[in-house]
Amino acid sequence: MKIWLDGGLQDIEGARVSVFDHGLTVGDGVFETVKAADGRPFALTRHLDRLARSARGLGLPEPDLDEVRRACAAVVDANPMPLGRLRITYTGGVSPLGSDRGDHGATLVVALGETSRRPDSTAVITVPWTRNERGALAGLKATSYAENVVALARAHEQGASEALFANTVGQLCEGTGSNVFVVLDGEIHTPPVPSGCLAGITRALAAEWTGARETDLPLDVLERADEVFLTSTLRDVQAVHRVDSRELPGAPGPVTAKAMRIFQERAGNDLDP
Ligand code: PLP
């Protein structure tokens, strides 16, 4: 397995990042997960734009997006696999213990892991913790992900694959690694970005292609929605068949099934929409 580090490809076994990397010590970094089917990254331009936006949001040095693009191409070429997840990690770089980030440059790592297609439907839970829509990290894809890790572990304990958060004012927000959509009276709605959710790339494409509306939704909309679905880079559009103890029999329902079809078709025809 080859990864990209320090400006070139390296064997994973020999690749080393400093123990004083600010990404490791304080979670001072940003990242992207990009799907690569047969070595072709999907929606890479949107991912690179978001990486740069997140880096700016954290005050990291501007990433060299040409290098990131070259790194992605080199890593998928060096590690052929049918369905991969490229992980781009960009951190504040080496910063001795006890000091601020300062001007220590940055660390860029691009790695690839094998993945598989997700089932058409899944179970989700809601969690009692909130997303802070007014926090410094709202909407940024930062490596400070421990809250998501904890919530996802709770979901797995309950036989679900995703945990959904409300924000501080009780509105539906997003999952640990996905955006959420609900169907009400045949119309598709998803929380707006000011709710504190990540501006998901799959969310944006699915909303554009299905005509979904951005709507502030209370968390309890999940108790009455006709259909619920998730979007993310690795799930694409995925129906939800259970929310907590509420079963949604027949998922994917007709609106979700149509959204799944539209997404597969459009994404299959355009690698960099
Ligand atoms: N929300 C969070 C917190 C995420 O980590 C992700 C996954 O990257 C998403 C939403 C979905 O975003 P995307 O469709 O760009 O993968």
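No lab work stands behind these numbers, since they all come straight from the coordinates. Being a predicted model, the structure only gives us computed values, none of them experimental. For neighbour counting, all protein chains shown are included, and Cβ atoms are generated from backbone atoms with ideal geometry for every residue, glycine included.
Once the Kirkwood radius over Cα pairs is known for the stretch 2-114, the Stokes-Einstein relation at 20 °C and 1.002 mPa s delivers a diffusion coefficient of 151 µm²/s. For trypsin sites (Lys or Arg not before Pro), the sites in the stretch 57-153 that DSSP calls loop and that have at most 15 other Cβ atoms within 10 Å are Arg117, Arg134. Applying 1/(1 + (r/R0)^6) with R0 = 25 Å to the Cβ-Cβ distance of Arg70 and Ala199 gives a FRET efficiency near 0.50. Entry note, the stretch 2-114: relative contact order of 36 percent, from Cα contacts under 8 Å with a spacing of 6+ residues.
Scaling the Cα radius of gyration of the stretch 204-273 by the globular reference 2.2 N^0.38 Å produces a ratio of 1.16.
Across the chain, the mean sequence separation of Cα contacts (distance under 8 Å, 6 or more residues apart), normalised by length, yields a relative contact order of 18 percent.
Partner lysines whose Cα lies under 28 Å from the Cα of Lys2, excluding those fewer than 8 positions away in the same chain, are identified as Lys35, Lys141.
The slack between Glu214 and Ser116, meaning 0.36 nm per residue of separation minus the straight C-alpha distance, is 32.3 nm.
Annotation note: chymotrypsin sites (Phe, Trp or Tyr not before Pro) in the stretch 1-101 located in DSSP loop regions with a Cβ neighbour count of at most 16 within 10 Å are Phe20.
The dipole here belongs to the stretch 105-202: it is taken about the Cα centre, uses +1 on the Cβ of Lys and Arg and -1 on the Cβ of Asp and Glu, and is about 260 debye. Here the label points at Leu9 and Arg87, each 7 Å from Cα along the C-beta direction, are separated by 2.0 nm in the simple model. Shape analysis of the stretch 80-133 based on the Cα gyration tensor places the equivalent ellipsoid semi-axes at 33, 23, 7 Å, largest first. Against the chain, whose longest principal axis is taken from its Cα atoms, helix 44-58 shows a tilt of about 70°. In terms of Cα atoms, the Rg and Dmax of the stretch 108-169 work out to 14.0, 38 Å. In order along the stretch 145-154, phi translates into HN-Hα couplings of 10, 4, 4, 5, 5, 5, 5, 5, 4, 4 Hz, rounded to whole numbers, per the Karplus curve 6.51 cos²θ - 1.76 cosθ + 1.60 with θ = phi - 60° and x for Gly and Pro. Once the Cα-Cα distance is subtracted from the 0.36 nm per residue extended length, the Asp77 to Asp270 segment shows a gain of 67.5 nm. Placing unit charges on the Cβ atoms of the charged side chains and taking the dipole of the chain about its Cα centre, the candidate lying farthest along the positive direction among Ala36, Ser245, Ser95 is Ala36. How many percent of all Cα-Cα pairs in the chain sit more than 30 Å apart? The answer is 31 percent, as a whole percent.
For the stretch 112-257, the spherically averaged projection of the C-alpha convex hull amounts to 8.4 nm².
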